[in-house]
């Protein structure tokens with residue numbers, strides 16, 4: 001009996017040790033999406049392994065080959081990535097069955113917003129947005145003050161309109177105008193056929209609960225699109241009839257050289273403005289784009305991303321746990337948050353470090369204040385280049401006085417249905 005008891009005890013101890021060893025032997029394999037961040041990820045992985053003993057392998061797909069690489073790597077069974085990118089709803093559908101529900105994990109609890117996440121059909125948190133870009137109305141605070149105004153005055157379309165029209169009316173006295181040129185040359189037009197067009201699309205999709213590409217749109221908020229477009233082109237030193245040939249570099253220079261107080265663009269222009277044009281970061285702020293929608297005082301910047309982390313649900317429990325532990329460390333530790341700030345700018349997590357890019361900090365500030373993020377509805381555009389070309393052509397004719405706003409509405413609404421059917 002004693003021998004049997006000893007044998008049972010020995011087996012139990014062995015099983016316990018095997019279980020403990022399995023829990024300890026979890027590993028992380030991250031298939032990285034961004035080649036430019038490879039060196040930073042390799043260094044961070046080594047730091048984590050040195051600190052914890054947990055193996056973290058980072059493989060970076062060559063630019064433009066991520067989908068193919070991920071498909072090949074996922075065929076490797078136990079050696080498949082435990083952490084990968086799932087950048088949009090189509091990706092969620094493609095990798096259904098390989099996506100761990102992250103709801104309630106300690107990692108997910110570090111989020112400051114859910115606006116960049118991707119969800120399953122039943123609300124499962126399948127992919128978490130870990131960084132984002134933003135666009136809006138870049139504003140020179142020093143010029144506003146010179147004109148007797150302040151950014152605090154501007155909280156909606158009406159207040160933006162009042163400030164812009166006052167500056168334009170006094171442009172000769174002030175030495176600068178309200179808006180830089182809203183150029184419709186190919187180097188600039190995407191700011192309006194893509195980013196500005198996002199505003200009416202966002203509010204329509206919000207009202208209708210649209211989460212995937214619709215076959216048709218109604219154009220319910222195109223009156224707001226007309227308001228902001230008219231404000232842009234009628235309060236600038238560039239004549240509306242000249243916009244067809246006005247370039248992106250021209251608009252950037254007008255703002256960078258202090259010839260305009262407002263400039264619609266994104267976080268990516270910070271380096272140009274502070275570097276090439278030597279602007280003082282303290283003079284720069286990014287305001288939301290206002291189009292006259294009720295409640296827009298509570299709008300944050302239009303923000304979006306295709307950078308979302310997903311954890312492989314087919315990985316072992318030990319590997320899943322190791323991956324979740326690693327992710328939590330990345331977004332909470334000194335080492336992790338420093339690397340993320342340097343490589344990716346703002347991250348939507350509680351321990352995020354401030355970025356040197358003040359536009360990113362503006363985006364985070366609005367979110368921290370509880371304002372709603374204007375998501376990138378333009379990501380749903382069918383046959384995007386062709387649809388945008390139609391909108392640009394209509395905007396060009398309208399601005400030059402050779403076409404009507406009805407033409408813009410047709411390009412927007414009918415053009416959408418046509419391109420959806422064509423695609």
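Observations
- Going by neighbour counts of Cβ atoms within 10 Å, the residues 255, 157 line up, fewest first, as 157, 255.
- Spatial extent of the range 28-102: Rg and Dmax, with the Cα atoms as the point set, Å: 12.9, 37
- Seen from a random direction on average, the alpha-carbon convex hull of the chain projects onto 24.1 square nanometres.
- Residue among 321, 161, 146 with the largest mean-square fluctuation in a Gaussian network model of the chain, springs linking Cα atoms under 10 Å: 146
- Between residue 223 and residue 297, the modelled label-to-label distance comes to 2.1 nm, taking each label 7 Å out from Cα in the direction of the beta carbon.
- DSSP bridge pairs, the chain: antiparallel proportion in percent, nearest 5: 65 percent
- Label zone (residue 234, point 7 Å along Cα-to-C-beta; backbone nitrogen cut-off 18 Å) within the range 195-222: 222.
- Enclosed volume per residue, in Å³, of the convex hull spanned by Cα atoms of the range 312-394: 175 Å³
- Residues considered: 171, 276, 371. Largest GNM mean-square fluctuation over the chain, using C-alpha springs under 10 Å, is found at 276.
- Of the residues 193, 355, 212, the one that moves most in a GNM of the chain with alpha-carbon contacts below 10 Å is 212.
- Separation between Cα centres of the range 260-312 and the range 364-385, rounded to whole Å: 11 Å
- The range 237-311 - Kirkwood radius from inverse mean 1/r over Cα pairs (Å): 15.0 Å
No value in this document is a laboratory result; all are computed from the given coordinates. Because the structure is a prediction, the values reported are computed rather than measured. Positions of Cβ are backbone-derived with ideal geometry, glycine not excepted, and every protein chain shown enters the neighbour counts.
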